[in-house]
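This report refers to the structure that appears directly beneath it.
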Amino acid sequence: MEILDAPFVKAFVNLANDGYTHGYHERNGGNLTYWIEKEEIEQIACHFTPDNAWQEIGTEVPDLAGEYFMVTGTGRFFRHVKDDTINTCGIIEVDETGKRYRILWGYADGGRPTSELPTHLMNLEVKKKLNGGKTRVVYHCHPVNLIALTFVLPLTDAAFTKELWQFMTECPVIFPDGIGVLPWMVCGSKEIGIATSEKMKEYNAVVWSHHGIFVAGSTFDETFGLCHTIEKSAEIAIKVRSMSPTKLHTITRPMLRDLAAAFGLKLNEKFMR
Ligand SMILES: [Zn+2]
C-alpha cells in the first residue's frame, strides 16, 4: 500500500486540514501525533528508509520503546499538510531505550518532527499506563477564543471546567472529567511536557495559558471533536461575557446532575461544588 493511501494517513491529513480550516493554525502553529498500530505499519513498511541516524528525543519514553508514530514537522504549516504531506509530516520509530528516534519516511526536504515531540510522546506514554494504549492521537493547536479566556479567567482547572460546562450542554457530556490548565510556560521544553502529561493523568484536554490547547483521544474524530467542542463553548462564553457582565440564565449544578443521570455520566465531583 502506498503510504498516502493508508487510511490512518488520510485521517491524519484530514484532521490537519480541519484544524487549518477552523482557524486553529496560523503560520506554523500547532502539531499532531498519531501512534501507529503494528498492523498499519506492516502495510507500509516497504516504503521506509531505515538507515537514518538515531536522534535524541529530548526526554525518555521507555514505555513507547520500539513504537512508530506519524508526526507533523517542525516549522511546517498545517495549511500545506493536505497537498504536501511528505514534506510537512513524517513517520518515526522510537528506539529500544525510549530515548532516541529515527525518521523512516517523510520530512522529505530535510525537516524533522515538531519541537513539541517530547510533550506528545510523554502524553501518549502517560495515557498508555492508564488505558493500555487506547489513546492514539495527541493534537496541539491555537484556538482563538480559548486563548482569549486565559486572559480573564483564573488559571485553574476548576475555573475553566466550570466556565465551559455551563455554556453548552454538550460540554459535560464530551468532557465529564473536566479540563486541565497550565500557567504560562516556555513551550517546546521538557518541563512543559512533564507538566502537561501530569494533567493528562486526569484529563484529555490541557490548556496552555496564552498559547493554546493539547488534546488526546483514541481516534482522530474523537480528538478533534473534543478540541472543537471546547473552543465552541469558549466562543459562546466570550460572546455572552461581551454582551453583559451578568447572565440571566445558566446551566446550574442541579441541571448538570440531571444531565449526568440522563446520559449515565460520571462528572468530576470536584467541579460540582
Ligand atoms: Zn503552540
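Of 174, 192, all but one fail to be within 16 Å of the ligand (Cβ to nearest atom) and either assigned by TED's automatic domain parsing to the domain that holds residue 70 or hydrophobic (A, V, I, L, M, F, W, C) (or both); the exception is 192.
If only residues of region 195-211 that are closer than 17 Å to residue 146 by Cα and of a type in the set (Gly, Ala, Ser) are counted, the one that is nearest to the ligand (Cβ to nearest atom) is 209.
Restricting attention to region 168-198, the residues being farther than 22 Å from residue 16 by Cβ and surrounded by fewer than 22 Cβ atoms within 10 Å (Cβ to Cβ) number 17.
Restrict the check to region 160-169 and report whether at least one residue is of a type in the set (S, T, N, Q), within 16 Å of the ligand (Cβ to nearest atom) and not assigned by TED's automatic domain parsing to the domain that holds residue 29. Looking through region 160-169, none of the residues is of a type in the set (S, T, N, Q), within 16 Å of the ligand (Cβ to nearest atom) and not assigned by TED's automatic domain parsing to the domain that holds residue 29. Cβ-Cβ distances below 7 Å connect the following pairs, each with a first residue in region 215-229 that is under 18 Å from residue 130 (Cα atoms), a second residue that is surrounded by fewer than 19 Cβ atoms within 10 Å (Cβ to Cβ) and of a type outside the set (A, V, I, L, M), and a separation of six or more residues or different chains: 218/134. Being more than 16 Å from the ligand (Cβ to nearest atom) and among the basic types (Lys, Arg) is the filter here, so list the residues in region 10-34 that pass it. Listed by number, the list holds a single entry, 10. Can you name the residue in region 211-247 that is among the acidic types (Asp, Glu) and more than 19 Å from residue 157 (Cβ to Cβ) and, of all such residues, is surrounded by the most Cβ atoms within 10 Å (Cβ to Cβ)? Per the stated criteria, the residue is 235. Among the residues of region 137-153, is any within 18 Å of the chain's Cα centre (by Cα) and more than 16 Å from the ligand (Cβ to nearest atom)? Yes, the conditions are met somewhere in region 137-153.
The values are calculated or read from the model by the stated rules, or taken from the named source; none is laboratory data. Just so you know, these numbers come straight off a predicted model, no measurement behind them. In this analysis, Cβ positions are derived from the backbone assuming ideal geometry, glycine residues included, and neighbour counts consider all displayed protein chains.
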